[in-house]
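Accompanying notes for the structure given below.
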Amino acid sequence: MNGTKLILTRGQATGLNRPLALTPGQDLKGYVASLLGRAVLFLITCTSVLAVLLIFFFVCREALPFLSKISLSEFLINTEWYPEADNARFGALALIAGSVYVTIAALVFSVPVGILSAVFLSDIVSFRIRAFVKPVIELLAAIPSVAYGFFAVLVLAPWMQNKFGFSTGTNALNASLILAVMALPTIVSVAEDSISALGPELREASYSLGATRFETIFRVVIPAAHSGIIAAIILGMMRAVGETMVVWMASGNAAQIPRPWWDISQSVRTITATIAGEMGETPKETPHYWALFALGVLLLILTFSLNVVSEFFLSRAKRALGKQ
Amino acid sequence: MQNNKSGVLESVSRRRKNKGKLNLIMDRQKQSKSESLNNKDTAECACSIVEAEDFSFYYGSTMGVKNITMEVFPCSVTAIIGPSGCGKSTFLRAINRINDLIPNTRIEGTLLVNGHDIYAKKTNLVNLRQQVGMVFQKPNPFPKSIFDNIAYGPRLQGTTKGSKLQQIVEESLKAAALWEEVKDDLRKSALALSGGQQQRLCIARALATRPSVLLMDEPCSALDPIATGKIEDLIEQLKSDYTIVIVTHNMQQAARVSERTAFFCLGELIEYDFTPKIFRNPGKKQTEDYITGRFG
Ligand SMILES: Nc1ncnc2c1ncn2[C@@H]1O[C@H](COP(=O)(O)OP(=O)(O)OP(=O)(O)O)[C@@H](O)[C@H]1O
Ligand SMILES: [Mg+2]
């Protein structure tokens, strides 16, 4: 310190000599770089937004002629789906119901299991076990859905038929069980991330007031992470709604609403499976062809709105954490 | 055990009685040890309520504190001072075993609270933490309303009646000098409070469980001088009934509020004595250097 100045502090007080205004006159290089950077980012963003818009546009364009042939209310309310009959009927309600059935049933299985696993991983097991188990659970997401489909048809279906005496092994229950397993990695992973992101402070506060682990988890941890948990559920739900191959193989593909309505041991058919199954053998520019696109629009609207809702909850989760 | 008290004052008299009993039991074994630090003011509580014997705490292979031997006496304020990273928080957090949440930690020696070895296998952590409350270094309110934050502890203890909770919340907020600022909207989210207000909320929350020992880890580091003054007044008020252990970087604060001061350095207890002695006539060179600012 005595006499010799540190390199770090030499000339600092008078050293304010780099331009502070980002104009072409003062700093051409910086100006061009920032402009270019923004332009490139803008273009890239545009491309992905454009792709989404184009898909939407294309699907809607193919679906529009259908609306001029068949009324929207018939499409949404009628349960008869006989696209190839002489007197063709395009009631999609049974298909919508099929999608809703397997999705909700899948969530009934996967949400409690998923959230409890997430809490278990974040708050109960040791760090080493968690570091091992979480990647394994996430690996479930890497199994191709055809493999799940095979399992459903070859293992689960005969087992259900023999064990419970269902009339068919490929049914709504079968499909939703498989979907539940497929949604689990998403739910566990996203929920665990948001629960762990809370950090130790809230837990310490809770324990220091004499809470047990159970009380801490259910009164502090889960409520504090609820936005992230809801987002996890919705992401898992989107996985289930959009899944095609597994429901095509496991649901039995009968376009009917089960009777009585709660009997999920009956076969159903989903929107996705219908599109995938019928698109290949339907001639272009026929009412059937357009009807399939109308189903596509329905599906898009459904997943888009789910996506928006999950974004809302995820951003709320982030904001809640930011405020701490 | 403290649920049925209706007010701070009542709880005071009750606790005094408890301490009297406690004295009788523990006097015999503790008398010899506490002689060196016997204080006329706190003669009625002459035995220690927290006692560390050769206590060491390790984070994995990193040492947090080493070979701490000290006693904390009831109904008094004990300050812990020392340079950053010397293990003040580690020791404080060991007293209510909140460090348990950190993986891979290990202790050596014993730490007695009210004569019970709290690191023994059969320790009731819920009871320990309800009676040894804590205010953390960083404010950590729950993302709930102000009311629910403070009612959290009492609710865990089984108090569910609205009027009772209301009363506890009001008293605790008043004690922590926050009542005037928040009384109009107790339903507001605690996260909408300023940092200093959050810290006072955390103090109120800790008081609401009516602990006997209150551990405070730099409770005033986020507060302005006015709020700091209020907290110091609060400590002054509380010390006749509570046992307070306070970590602080503020030497004047330690001198103002505490009866005894412990000086930690590099994980070890360098000196522990009455506060006036530590500040006027420290026994060790290291202590003197730190207090006079010649540390390092
Ligand atoms: N969670 C942890 N994991 C590993 N090491 C830790 C952890 N917490 C503290 N330590 C280490 O233990 C030592 C004591 O830390 P401690 O937090 O007790 O210091 P402190 O005296 O409270 O400091 P400050 O005044 O800055 O709060 C430090 O060397 C620190 O690096
Ligand atoms: Mg500290």
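Structure data summary
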read-out: Residue in region B:257-265 that is in contact (Cβ under 8 Å) with a residue 60 or more places away in the chain, surrounded by fewer than 18 Cβ atoms within 10 Å (Cβ to Cβ) and away from ligand 2 (no atom under 16 Å from the Cβ) present; value: no
read-out: Residue that is nearest to ligand 1 (Cβ to nearest atom) [pool: residues in region B:193-204 that are more than 9 Å from B:Val135 (Cα to Cα), in a helix (DSSP H, G or I) and within 11 Å of chain A (Cβ to nearest Cβ)]; value: B:Gly195
read-out: The lone exception for B:Ala222 - which of (1) touching a residue at least 60 places away in the same chain (Cβ under 8 Å); (2) closer than 30 Å to B:Thr69 by Cβ; (3) surrounded by fewer than 20 Cβ atoms within 10 Å (Cβ to Cβ); (4) within 16 Å of ligand 1 (Cβ to nearest atom) it fails; value: (2)
read-out: Residue within region B:113-130 that is surrounded by fewer than 23 Cβ atoms within 10 Å (Cβ to Cβ), within 18 Å of the chain's Cα centre (by Cα) and within 12 Å of ligand 1 (Cβ to nearest atom) present; value: no
read-out: Residue within region A:238-246 that is among the β-branched types (Val, Ile, Thr) and free of Cβ contacts under 8 Å to residues at least 40 places away in the same chain present; value: no
read-out: Residues located in region A:165-209, provided they are in contact with a helix residue (DSSP H, G or I) (Cβ under 9 Å, 6 or more places away or on another chain), surrounded by fewer than 24 Cβ atoms within 10 Å (Cβ to Cβ), within 14 Å of chain B (Cβ to nearest Cβ) and of a type outside the set (Lys, Arg); value: A:Ile195, A:Ser196, A:Ala197, A:Leu198, A:Gly199, A:Pro200, A:Leu202, A:Glu204
read-out: Single unsatisfied condition, B:Ser61 versus (1) of a type in the set (S, T, N, Q); (2) surrounded by fewer than 17 Cβ atoms within 10 Å (Cβ to Cβ); (3) within 16 Å of ligand 2 (Cβ to nearest atom); value: (3)
read-out: Enumerated strands (runs of 3 or more DSSP E) restricted to region B:71-173, each holding at least 2 residues that are within 16 Å of ligand 2 (Cβ to nearest atom) and either in contact with a helix residue (DSSP H, G or I) (Cβ under 7 Å, 6 or more places away or on another chain) or free of Cβ contacts under 8 Å to residues at least 24 places away in the same chain (or both); value: B:77-81, B:132-135
read-out: Yes/no for A:Val40 being of a type in the set (A, V, I, L, M), in contact (Cβ under 8 Å) with a residue 24 or more places away in the chain and not assigned by TED's automatic domain parsing to the domain that holds A:Asn253; value: no
read-out: Only listed residue being modelled with pLDDT under 95, within 24 Å of B:Met251 (Cβ to Cβ) and within 16 Å of ligand 1 (Cβ to nearest atom), chosen from B:Gly82, B:Gly60; value: B:Gly82
read-out: Region B:267-291 residues that are within 14 Å of another protein chain (Cβ to nearest Cβ), paired with ones that are within 16 Å of ligand 1 (Cβ to nearest atom) (beta carbon under 6 Å, 6 or more apart); value: none
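Yes or no, residue by residue, for (1) at pLDDT 90 or above; (2) part of a helix (DSSP H, G or I); (3) surrounded by 14 or more Cβ atoms within 10 Å (Cβ to Cβ):
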position	(1), (2), (3)
A:Thr47	yes, yes, no
A:Arg61	yes, yes, no
A:Leu76	no, yes, no
A:Glu84	no, no, no
A:Ile96	yes, yes, yes
A:Val108	yes, yes, no
A:Phe120	yes, yes, yes
A:Arg128	no, yes, no
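The values are calculated or read from the model by the stated rules, or taken from the named source; none is laboratory data. Predicted model, so just to flag it, every value in this text is computed and none were measured. Positions of Cβ are generated from backbone atoms using ideal geometry, with glycine treated the same way; all protein chains shown enter the neighbour counts.
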